[in-house]
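Written out below as structure tokens is the structure these notes cover.
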Amino acid sequence: MSEQTPLIRAENLTCVFDVSKPWLNRVIERRERQFLTAARNVTFDIPKGKTFALVGESGSGKSTIGKMAVGLLRPTSGKVTVDGTDLFGALKASSASALRRRIQMIFQSPYASLNPRWRVGDIIAEPIRAFDLASGDAVGARVTELLEQVGLAENDGQKYPHEFSGGQRQRIAIARALASNPEFIVCDEPTSALDVSVQSQVLNLMKDLQRDLGLTYLFISHDLSVVRYMADQIGVLYLGQLVETANREDLFNNPQHPYTRMLMDAAPRIDAFGRTADAVKGEIPDPITPPPGCPFHPRCPLVDNRCKTEVPKPFQTGETNVACHAAEEGRGRPEAA
């Protein structure tokens, strides 16, 4: 982890959902209660002004962790601290409003996250009024400033969300997130619903805002090219667990975990013509009944008997933290790029 003092610290975050059928159905069908572990003992730090990215396949638990990081979902165990303050403990106190103001979220679908019956100006003004940051004419002036900051015009505030393109709607969502003057923003796949050319515009905007405003990001994505551009540090998630955490360059130049290498082999590349790569095998197993031992072992090309019975513990190798028996024993170790 970085030597800088973290603004955000997640410690052993675990989230378990009860997905059991109703009691009467369980009695009639003679079924036990069922629990789904969406995140298990997830730990990471995000220094102020930096970006930590979570990457993994669909169903790996990325969005669940993002919701816990902003206080939308209470963890079953573990905690999130913001500048040393326990997030969920503070949300019960009278100072909850001050802490909530410092945290915002940008959602995956810009259209679904905007109220279709409100004008854009009212949508952006809502956090300003909710946190009592301005009143009267100052609210309208701040809305205009935010619209221009994200590349829109003042008169766009009079329109409704359906009158904009997908990229413009995501800019509106970014402006709304900035309205409360936050320090930490969770970006839950903010560009996955956009065209590639529009993605680059939105990502450049987010990088510029981070530089100008000193923002801290938790960036969630399944797109490795986006993650490589945005992140300072990357955590690779598999079945709700961090299997590898490393700085951007270390992860892409010398990935340690077989799952990380599998993701990179599956990603499209410009220089991929004539390149051979093993086909991706299988899918993430059922989180209700995960496999014993290492959760990745049914798909791993380096599996042995130890992997099938013993859960790997994270260990440090250089600047990389990895949970893998093969990496620990040096089996199939990749050559540094």
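Assorted remarks:
- Relative packing of 66-74, 167-175, which averages over residues the other C-beta atoms within 10 Å, highest first: 167-175, 66-74
- Among the listed pairs K50/K313; K50/K207; K67/K92; K67/K308, those beyond 20 Å (Cα-Cα): K50/K313; K67/K308
- With kT/(6 pi eta Rh) evaluated at 4 °C and eta = 1.567 mPa s, and Rh the Kirkwood radius from Cα pairs, the range 142-219 diffuses with a coefficient of 101 µm²/s according to Stokes-Einstein.
- Reach of K62 by Cα under 12 Å, taken over aspartates and glutamates that are not fewer than 8 positions away in the same chain: D188, E189
- Taking the alpha carbon gyration tensor of the range 71-113, multiplying each eigenvalue by 5 and rooting it gives semi-axes of 22, 14, 9 Å, largest first.
- Report summary: the helix-based calculation at 222 nm, which adds -39500 (n - 2.57) for every DSSP H run with n ≥ 4 and divides by the residues of the chain, gives -9000 deg cm²/dmol.
- Bridging of K21 to aspartates and glutamates at a Cα separation below 13 Å is possible for E29, E32, once same-chain residues fewer than 8 apart are set aside.
- Note on the range 59-137: Cα Rg divided by 2.2 N^0.38 Å, N the number of residues, gives 1.29.
- Evaluated at q = 0.12, 0.14, 0.15, 0.21 Å⁻¹: base-10 log I(q)/I(0), Debye formula over Cα of the range 61-218: -0.52, -0.71, -0.82, -1.45
- Net charge of Cβ neighbours under 14 Å - reference P287; Lys, Arg +1; Asp, Glu -1: -2
- Helix 120-130 vs. the chain, principal-axis angle (Cα, 0 to 90°, nearest 10): 80 degrees
- Helix 166-178 axis, angle to the chain major axis (alpha carbon atoms, nearest 10°): 80 degrees
- Taking GluC sites (Glu not before Pro) across the range 1-104, the ones in a DSSP loop with at most 14 further Cβ atoms lying within 10 angstrom of their Cβ are E3, E32.
- As an equivalent ellipsoid, the chain spans semi-axes of 36, 25, 20 angstrom, where each value is the square root of five times an eigenvalue of the C-alpha gyration tensor, largest first.
- Net charge in the neighbourhood of L24 (other residues with Cβ under 14 Å of its Cβ; Lys, Arg +1, Asp, Glu -1) is +4.
Quick note: the coordinates plus some simple rules give every number you see, no bench work behind them. No experiment lies behind these values; they were computed from the predicted model shown. All Cβ positions, glycine included, derive from the backbone under ideal geometry; neighbour counts span all protein chains shown.
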